[in-house]
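Single-structure report; data block below.
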Amino acid sequence: MLTKTAHLFDDATRVTAGDSCWQGRTSPDYWAFVGPFGGCTAATILRALIDHPQRAGDPLSLTVNFCAPVAEGAFDLDVRLVKANRSSQHWCVEMTQGGGDVATLATAVFAERRPSWSHQQAAFPGAAPFEQARAFPNTPMTWTHQYDFRFVEGEPSFYGSPAASPLDAYSKQWIGDRVPRKIDMLSLMSMSDAFFGRVFLARRELMPFGTVSITTYFHTASDDLAAEDITRVLAVADAKIFHRSYGDQNGELWSPSGRLLATTTQIAYFKA
């Protein structure tokens, strides 16, 4: 059953409107090794945009560039509508703390999704049911405690011997909130960054790692997503290259019924 009380995810992504900026606060429940979980930060930015009185339509894309570490505590979001026309809106969001330099820079596109011809060329990857997949144990990062990961392929192993030669970075898994919450646009944004770093799988070990830039594309309208009435997604991710301290990641988020909901790409730093 869905929780009827305030969900940790909604608390963590809560923002309030100010005179010129929106305000929020990092959450200890969504913390990574040295800062807030990037997916939660991105979802917080998306919430500010969705809640903005000038917003029209649904999110088509959100790009978040992590320019500097985000410290624990309060932050400001400078939300600006850059350009709007009859069918789309282009937004820019800057996150700062204590009047300092920009820590996170985001751009977003919203649009009215009108009825049209539709064709999903990508094939549903398929998987054993969520209930039949083994739950992944918690890691020291608190953000992982908030999700129920059920790996079907490519389960990472962080605490054994490092791989003698690079392994496959592909994984397929179910992702849902640990306390069930209906999937919405904010869920898709956060879960699109909930894949473990591909370099962890390729090397079978933990190492210093951080997302530099992530772009998520939404392939569903909010009313379509609400009609799916789901609390988990099937998520697949892979990488193409690791080279000179940076590696890519590409991912897909699917509904259990086989509908492609979102795709994502990112570039990440690693030290190895």
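Peptides 139-145, 223-229 ranked from most to least packed give 139-145, 223-229, packing being the mean of other C-beta atoms within 10 angstrom over each peptide's residues.
Annotation: the chain has a Kirkwood hydrodynamic radius of 19.1 angstrom, from the mean reciprocal C-alpha pair distance. Hey, with R₀ at 30 Å, roughly what FRET efficiency would Val179 and Gln121 work out to, going by the Cβ-Cβ distance, to 0.05? Taking R0 as 30 Å, the efficiency between Val179 and Gln121 is 0.30. Each 10 Å bin, from zero up to the one with the longest distance, holds this percent of the alpha carbon pairs of the stretch 204-272: 19, 41, 25, 14, 1. Label sites at Ala68 and Cys92, each approximated as a point 7 angstrom past Cα along Cα to Cβ, lie 1.8 nm apart.
Which of the trypsin sites (Lys or Arg not before Pro) found in the stretch 177-272 are loop residues per DSSP with 12 or fewer other Cβ atoms within 10 Å of their Cβ? Those that pass, being in a loop and sparsely packed, are Lys240, Arg244, Lys271.
Measuring nothing but protein heavy atoms, the accessible surface of the chain at 1.4 Å probe radius is 52 percent carbon and sulfur. Between Val34 and Thr142, the modelled labels are 1.9 nm apart [label points 7 Å from Cα along Cα→Cβ].
With K and R counted +1 and D and E -1, the other residues having a Cβ less than 13 Å from that of Thr215 yield a net charge of -2.
Solvent-accessible surface of protein heavy atoms, probed at 1.4 angstrom with all chains present, puts Phe130, Phe33, Phe242 in the order Phe33, Phe242, Phe130, largest first. Take the Cα radius of gyration of the stretch 115-232 and divide it by 2.2 N^0.38 Å, N being the number of residues; the result is 1.19. Given their separation in residues at 0.36 nm each and the Cα-Cα distance between them, Ala17 and Ser213 gain 68.0 nm when the chain is fully extended.
Per residue, the stretch 208-258 exposes an accessible area of 46 Å² to a 1.4 Å probe, with every protein chain left in place.
The values are calculated or read from the model by the stated rules, or taken from the named source; none is laboratory data. Quick caveat: nothing in here was measured; it's all calculated off a predicted structure. Neighbour counts are summed over all protein chains in view; Cβ atoms, including those assigned to glycine, are modelled from backbone coordinates with ideal geometry. Side chains included, ligands, DNA and RNA excluded: accessible areas come from the protein's heavy atoms. Shrake-Rupley method; radii C 1.70, N 1.55, O 1.52, S 1.80 Å.
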